[in-house]
1. With (1) surrounded by 15 or more Cβ atoms within 10 Å (Cβ to Cβ); (2) closer than 19 Å to ASP296 by Cβ as the list, and ALA130 as the residue in question, which single condition is left unmet?
2. Quick check on region 185-203. Is at least one of its residues assigned to a loop (DSSP other than H, G, I, E, B) and of a type in the set (A, V, I, L, M, F, W, C)?
3. Inside region 294-318, can you point out the residues that are among the charged types (D, E, K, R) and not in a strand (DSSP E or B)?
4. Yes or no: ARG163 at pLDDT below 95, part of a helix (DSSP H, G or I) and closer than 30 Å to HIS135 by Cα?
5. With the requirement that a residue be in contact (Cβ under 8 Å) with a residue 60 or more places away in the chain and either in contact with an Asp or Glu (Cβ under 7 Å, 6 or more places away or on another chain) or in a helix (DSSP H, G or I) (or both), what does region 212-234 give you?
6. Taking region 246-257 on its own, how many of its residues are part of a loop (DSSP other than H, G, I, E, B) and either crowded, with 24+ Cβ neighbours inside 10 Å or not assigned by TED's automatic domain parsing to the domain that holds LEU211 (or both)?
7. Search region 76-85 for residues being closer than 14 Å to SER48 by Cα and at pLDDT 95 or above, and hand back the single one that is nearest to the chain's Cα centre (by Cα).
8. Those residues that are closer than 16 Å to VAL147 by Cα and over 16 Å from the mean Cα position of the chain (by Cα), I need them from region 47-61; list them, please.
Amino acid sequence: MDTELTGEIRDRLAAAKNIVIASHVRPDGDAIGSLLGIGLALREAGKSVQMILVDGVPSSFRYLEGSALIKKEVEGEHDTFITVDCADFKRTGKLFENFGQPDINIDHHKTNERFGKLNLIEADEVATSAILANHLPEWGLPITKPVAAALLTGIITDTLGFRTSNTTPESLRQAAILMEAGVNMPEIYMRALVNKSFPAAKYWGAGLSSLQSKNGIVWGTLTIADRKAAGYGGNDDADLINMISAIDGNQVGMVFVEQSDQHVKISWRALAPNVDVSQVAKHFKGGGHAAAAGADIPGTLEEVQRDVLKKTREMLNL
């Protein structure tokens, strides 16, 4: 642990008065958990805080206390800008293109480009929320029940319910400590990973019917037509990648999600030890960590799928 760096962050947070915190586009549980975790803790400490997600909060996470405070636009002035769970600055979205360099960049992705003035990157941690669970107390910030619920959501979702290969005894201890703040972990687990809306379940059906497997890779495809037919409101995979990750006999799981702007969103999951999918994602200007990564690639679904499958096989020797 870099105690000098964490001390600098503590001092920067103590001096801050008006803070903007952002996480990445198409936010997942760790983006929302880490954003709410540090945002609510700073509010509790008396700071003026704006929590920003340019794509808003997915309906499946709106049960978290404080989620209604998350906005899509920044209002007024600020003296401190923080990013959480972003491997590169462009992941914050177009809103922040001319916003200036973040004062603090907190992340757990090994592909992080260290784009902040202060960069707390702990790639061995299972989630950015786990980094915050460790450091908030030393920064003098309280872990209240809403903060603990947010952080536990980030840890549970990024480990797929403690199923990823990077799950450690430390991450389980973190979960136990957060539970001691009064958080109902079984409820969070069900809401974050298990419960599905009817449209999401129909959307899954389309993706599962498209499944293919070859040379150690299993993948599914979700088209714009699938999304419309199911009535699914998001532009993500409704966590279908988690289901695909449970299929035996493969080394990599993938989902291709067609977007309306001639892009395709890809998620990779490592399904075997010693498989690092982050480097494949980085090749396509995406990011992530060894066990899970993603990218958003311009092109038609057919073109992107062909190129990405070929490169994934080449880079991972499949």
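The values are calculated or read from the model by the stated rules, or taken from the named source; none is laboratory data. This structure is a prediction, so every number in the text was calculated from the model and none was measured. Cβ placement follows ideal geometry from the backbone for every residue including glycine, while neighbour counts extend to all protein chains displayed.
1. Result: ALA130 fails condition (2) only.
2. Checked region 185-203: no residue is assigned to a loop (DSSP other than H, G, I, E, B) and of a type in the set (A, V, I, L, M, F, W, C).
3. GLU302, GLU303, ARG306, ASP307, LYS310, LYS311, ARG313, GLU314
4. no
5. Of everything in region 212-234, just one residue is in contact (Cβ under 8 Å) with a residue 60 or more places away in the chain and either in contact with an Asp or Glu (Cβ under 7 Å, 6 or more places away or on another chain) or in a helix (DSSP H, G or I) (or both), namely THR223.
6. Adding up the residues that qualify gives 0.
7. Result: ILE82.
8. LYS47, VAL49, GLN50 - these are the residues of region 47-61 that are closer than 16 Å to VAL147 by Cα and over 16 Å from the mean Cα position of the chain (by Cα).
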